[in-house]
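A.B. asks: Mind looking over this structure? Questions follow.
The values are calculated or read from the model by the stated rules, or taken from the named source; none is laboratory data. Note that the structure is predicted; figures quoted are calculated from it, not measured. Backbone-built Cβ (ideal geometry, glycine too); neighbour counts: all protein chains shown. Side chains are part of the model used for accessible areas, which takes the heavy atoms of the whole protein and leaves out ligands, DNA and RNA. Shrake-Rupley method; radii C 1.70, N 1.55, O 1.52, S 1.80 Å.
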Amino acid sequence: MTVSRVSSRVSATRVALAGGIALSSVVLLSGTAFAHVSVQPQGQATKGGYATVNIKVPNERDNASTVKVEVNFPLDHPLASVMPQPIPGWKAEVTKSKLSKPLELHGKTINEAVSKVTWTADGSKIGPGQFQQFPLSLGQLPEDADQLVLKAIQTYDNKEVVRWIEEQKEGAEEPQNPAPVLKLSAASGDHHGGAAPSASASAPAAADEKAGHDDKADAKKETAAADSSDTTARILGVIGILVGIAGVAFGVLAGRRRSA
């Protein structure tokens, strides 16, 4: 075997190996791009109305579990009501802060608003490869804002703390640890998020019941979409690795054929 043939064989192997590793790395990393703490409304979050949202918290670590989640609410657009839904294995604590400018809501003066909700593991945790949704009932949503930035802090059982507090700047790339953002839609006829009332006395109740079923359906679709996204990312990652291995094998075989 000549020196040139040996060199060609080694080069082909290196190129195939490098290409396979690069491809599999890109595919694997594309899966983690979805693994951010986020806020997802069930249905619509309407300006001036009320909404139920899910704080979705994925575990991004392979060797640690999430045991604490803190979500902060902006006091420049305060919410008078923030109620967490009970979750087995988690303890929820609602923190309120005094407002510099009181709110007027339903004829009442509100001097304080919720500034933070903290969930602490109490017999449960979010393990590697898992996520947890923390439902919240919010209201009354502001009428003079297009979105609410809910900065979050995620704590792992190895004492690592990840701060999801970076705000997205217009025209810039997504930050490394983006803060969850709740988009607010234009106000409708009903501030409670249901359909507009009709002349029939039973219509409001029917509309509320329909809205409840729609919210549940939306929540199931969002959960299914999230599971599908995570599963797709893992499958693509495995495919990337297999492509890389195939590339190495192809390079080796090509070198052997040339030497023959």
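A.B. asks: When both residues are 6+ apart or on different chains and their Cβ atoms are under 7 Å apart, which pairs have a first residue that lies in the stretch 117-144 and is without any contact (Cβ under 8 Å) to a residue 40 or more places away in the chain, and a second that is open to solvent by 40 Å² or more (accessible area, probe 1.4 Å) and in a strand (DSSP E or B)?
C.D. replies: D122/K91
A.B. asks: If you take the residues in the stretch 87-101 that are open to solvent by less than 40 Å² (accessible area, probe 1.4 Å) and under 21 Å from the mean Cα position of the chain (by Cα), which one is farthest from P128 (Cα to Cα)? Walk me through how you get there before you give the answer.
C.D. replies: Here is the first cut: in the stretch 87-101, the residues open to solvent by less than 40 Å² (accessible area, probe 1.4 Å) are 87, 89-90, 97, 99.
Now drop any that are not under 21 Å from the mean Cα position of the chain (by Cα), which leaves 87, 89-90.
Numbers: I87: 19, G89: 17, W90: 17 Å.
Only one residue tops the list, namely I87.
A.B. asks: Hey, another quick one. Only one of (1) at pLDDT below 95; (2) outside any helix (DSSP H, G or I); (3) in contact with a helix residue (DSSP H, G or I) (Cβ under 7 Å, 6 or more places away or on another chain) is not met by Q44, so which one is it?
C.D. replies: Only one criterion in (1) at pLDDT below 95; (2) outside any helix (DSSP H, G or I); (3) in contact with a helix residue (DSSP H, G or I) (Cβ under 7 Å, 6 or more places away or on another chain) is unmet by Q44, namely (3).
A.B. asks: Suppose we keep only residues that are of a type in the set (S, T, N, Q) and closer than 16 Å to G129 by Cβ within the stretch 33-81. Which one would you say is nearest to the chain's Cα centre (by Cα)?
C.D. replies: Taking the stretch 33-81 and keeping what is of a type in the set (S, T, N, Q), we get 38, 40, 42, 44, 46, 52, 54, 59, 63, 65-66, 72, 81.
Next, only the ones that are closer than 16 Å to G129 by Cβ stay: 59, 63, 65-66.
Values: N59: 11, N63: 20, S65: 17, T66: 14 Å.
Restricting to residues being of a type in the set (S, T, N, Q) and closer than 16 Å to G129 by Cβ, the top hit is N59.
A.B. asks: Are any residues in the stretch 146-162 closer than 24 Å to L184 by Cβ and open to solvent by 10 Å² or more (accessible area, probe 1.4 Å), and if so, which ones?
C.D. replies: Those that are closer than 24 Å to L184 by Cβ and open to solvent by 10 Å² or more (accessible area, probe 1.4 Å): D146, Q147, V149, K151, I153.
A.B. asks: Is it true that P84 is within 21 Å of P135 (Cβ to Cβ), crowded, with 16+ Cβ neighbours inside 10 Å and either in contact with an Asp or Glu (Cβ under 6 Å, 6 or more places away or on another chain) or not polar (S, T, N, Q) (or both)?
C.D. replies: yes
A.B. asks: Which condition number does Q140 fail, the rest of (1) more than 26 Å from K91 (Cα to Cα); (2) open to solvent by less than 70 Å² (accessible area, probe 1.4 Å); (3) in contact with a Gly (Cβ under 9 Å, 6 or more places away or on another chain); (4) not aromatic (F, W, Y) being met?
C.D. replies: (1)
A.B. asks: Then there's this: Tally up the residues in the stretch 62-80 that are within 23 Å of A145 (Cβ to Cβ) and surrounded by 14 or more Cβ atoms within 10 Å (Cβ to Cβ), please. Let's see the steps before the verdict.
C.D. replies: First, pick out the residues of the stretch 62-80 that are within 23 Å of A145 (Cβ to Cβ): 70-80.
From what's left, surrounded by 14 or more Cβ atoms within 10 Å (Cβ to Cβ): 70-75, 77-80.
Residues that pass the stated criteria total 10.
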